[in-house]
Amino acid sequence: MILPGATLGMLGGGQLGRMFTTAAQTMGYNVIVLDPDANSPAGIIADQHICAKYTDETALQQLAELCDAVTTEFENIPATTLSFLEAQTVVHPSSQALATTQNRIVEKQFIASLGIPVAPFAAIRSINDIDAIADSFQLPAILKVANFGYDGKGQVVCETIEAVRQAFQALGEVECVLEQRINLEREVSTVLARGQSGNITNFPLAENVHINGILHATTVPSSVPVQQAQTAIQMADKIAEGLGYVGIMAVEFFISQEGDVIANEIAPRPHNSGHFTLDACETSQFEQQVRMLCGLPSGNCELKSPVVMINILGDIWGSSVPHWDTLLSRPNNKLHLYGKKEARPGRKMGHFNVLATSIEQAATIAVQSFENLKAD
């Protein structure tokens, strides 16, 4: 076990790194953040901020020498960076797990190899690949960049094969994956913690609503039938075991109108849909991340209260600032802001959790609070 008083490293200085830093410091650890942004949300509250690129070997060497263990907050850190650190200190998740989840094609092939359903897909690396599937691939579909896509970025809905060609060219003809659209009923996700012994603990299944590809709301407990919820959690556990994963991991699923549970994406880190755990669970996903990194036993993942989480994007700032007074006047609301200096459309600036005696009550308060929050 790595015990309080030790120093933990965080690759990435965004909001997930910030909430990890807060959890780790609360538990008595020191935290060093490596991030190229001098004003990163995590870097400004860490015990030390190494302001450098993720490929800077001098900076990585310094991080390895100072830290008892290192983790990451997002999957677009180069896997080679983790490989470099693994030779010198404890690193979770592993570079191999990260490499599998960084590329949508590799990720889907891996999930399918476990016997877990994914939406029908095709790898698109050239116009010739589109021509080869023109007569066989069922449309409509979504063309997604294979690397570095998130929050709906680098994705184009295509109704025809000609639209796929145009989208591929518009995306710069980079490696892509074409995914068949399913008859979607709802989207869900599950966050789990897997320790070095292979023991897995699961947070409750979350039901999600996205707007323009970005998560807007998460509801827990979900309204998903028990059997479907159990299926999703079992699939997520199987994925974690297949990766030999250590740490916090989320898996997003589609549930079709036909009742099928279909794996969508793996997030090798805490997840936006897991932010409800900060207020509604005995242990947050960020404390669990600390525990898994340090070889500590898992905390209790049980839900204490029905909860609805709402993302706060830069869109609501308008020409002034949001009406924080209206949000904070409601005792059910728990506000979390990320310390970002500039509000921009689509940028995640914070979130709030609404705790209530029922999901219906939480949802009503959440909708009213969000509407009242918007700036003039």
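What follows is calculated from the coordinates using simple rules that are stated; it is not laboratory data. Nothing here was measured: the structure is a model prediction, and the numbers come from that model. Cβ: placed from backbone, ideal geometry, glycine included. Neighbour counts: every protein chain shown.
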Taking the Cα atoms of the range 216-274, report the difference between the largest and smallest coordinate on each principal axis, in whole Å and largest first. 32, 25, 17
What lysines does LYS374 reach when the alpha-carbon gap must be under 21 Å and sequence neighbours fewer than 8 apart in one chain are set aside? LYS334, LYS340, LYS341, LYS348
Theoretical gain in end-to-end length, ALA134 to PHE148 [0.36 nm per residue, Cα-Cα removed]: 2.4 nm
Stretch SER319-SER223 to full length: gain in nm at 0.36 nm per residue minus the Cα-Cα span? 30.8 nm
What list of ³J(HN,Hα) values in whole Hz, one per residue of the range 316-323 in order, does the Karplus curve 6.51 cos²θ - 1.76 cosθ + 1.60 (θ = phi - 60°) give from phi, with Gly and Pro shown as x? 7, 5, x, 8, 9, 10, x, 7
Give the cross-link partners of LYS238 among the lysines, using a straight C-alpha distance below 22 Å as the criterion and excluding same-chain residues fewer than 8 apart. LYS108
How large is Rg/Rh for the range 184-373, to two decimals, with Cα atoms and a Kirkwood Rh? 0.97
Which helices pass in the chain if a helix is a full DSSP H run, must span at least 27 angstrom along its long axis by Cα, and must have mean Kyte-Doolittle hydropathy not below -1.0? none
Could you tell me the relative contact order of the range 120-180? Use alpha-carbon pairs under 8 Å, at least six residues apart, and round to a whole percent. 51 percent
Treat each spin label as a single point 7 Å out from the Cα along the C-beta direction, and report the ASN183 to THR58 distance in nm. 6.1 nm
Pull up all non-local amide H partners of GLY43: gap of 5 or more, or a different chain, and H-to-H distance under 5 Å with H placed in the peptide plane. none
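Taking Cα pairs under 8 Å and at least six residues apart, what relative contact order does the chain come out at, in percent?
Numbers: 823 pairs, mean separation 51.3, N = 376.
Relative contact order of the chain: 14 percent.
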Need the C-alpha centroid separation for the range 1-59 versus the range 80-159, integer Å. 28 Å
Distance histogram for the chain (every C-alpha pair counted, 20 angstrom bins, percent rounded to whole numbers): 28, 59, 13, 0
Estimated distance in nm for a label pair at VAL157 and GLU241, the labels positioned 7 Å out from Cα along Cα-to-Cβ: 3.8 nm
For the chain, give the share of DSSP beta bridges that are antiparallel, in percent and rounded to the nearest 5; count only bridges with both residues there. 80 percent
Could you tell me whether the range 120-180 comes out rounded, prolate or oblate from its Cα gyration tensor? Rule is a ≥ b ≥ c as square roots of the eigenvalues, rounded for a/c under 1.5, then prolate if a/b exceeds b/c, otherwise oblate. prolate
Mind running the shape call on the range 221-325? Use the C-alpha gyration tensor, a ≥ b ≥ c as the square roots of the eigenvalues: rounded below 1.5 for a/c, prolate if a/b tops b/c, oblate otherwise. oblate
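Could you please rank LYS108, LYS304, placing first whichever residue has the fewest other Cβ atoms within 10 Å of its Cβ?
LYS304, LYS108
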For ASN300 and GLN230 in one chain, what is 0.36 nm times their gap in residues minus the Cα-Cα distance, to one decimal in nm? 23.3 nm
Mind giving me the nanometre distance, one decimal, between the label points for GLN48 and LEU114, set 7 Å out from Cα along Cα→Cβ? 3.6 nm
For the chain, set up a GNM with springs between Cα atoms under 10 Å and report which of ASN39, ASN208, ASN128 has the largest fluctuation. ASN128
State whether the range 290-356 is rounded, prolate or oblate according to the following rule on the C-alpha gyration tensor (a ≥ b ≥ c being the square roots of its eigenvalues): a/c under 1.5 gives rounded; otherwise a/b larger than b/c gives prolate, and the remaining case gives oblate. oblate
Can you sort CYS281, CYS158 by how many other beta carbons sit within 10 Å, fewest first? CYS158, CYS281
Taking K and R as +1 and D and E as -1, what net charge do the other residues with C-beta under 13 Å from the C-beta of LEU335 add up to? 0
How large, in Å, is the range 7-91 by the Kirkwood hydrodynamic radius built from its alpha-carbon pairs? 12.2 Å
Just to be sure I follow the definition: excluding the sites themselves, where is the longest run in the chain that has none of the GluC sites (Glu not before Pro) in a DSSP loop with at most 14 other Cβ atoms within 10 Å? 1-158
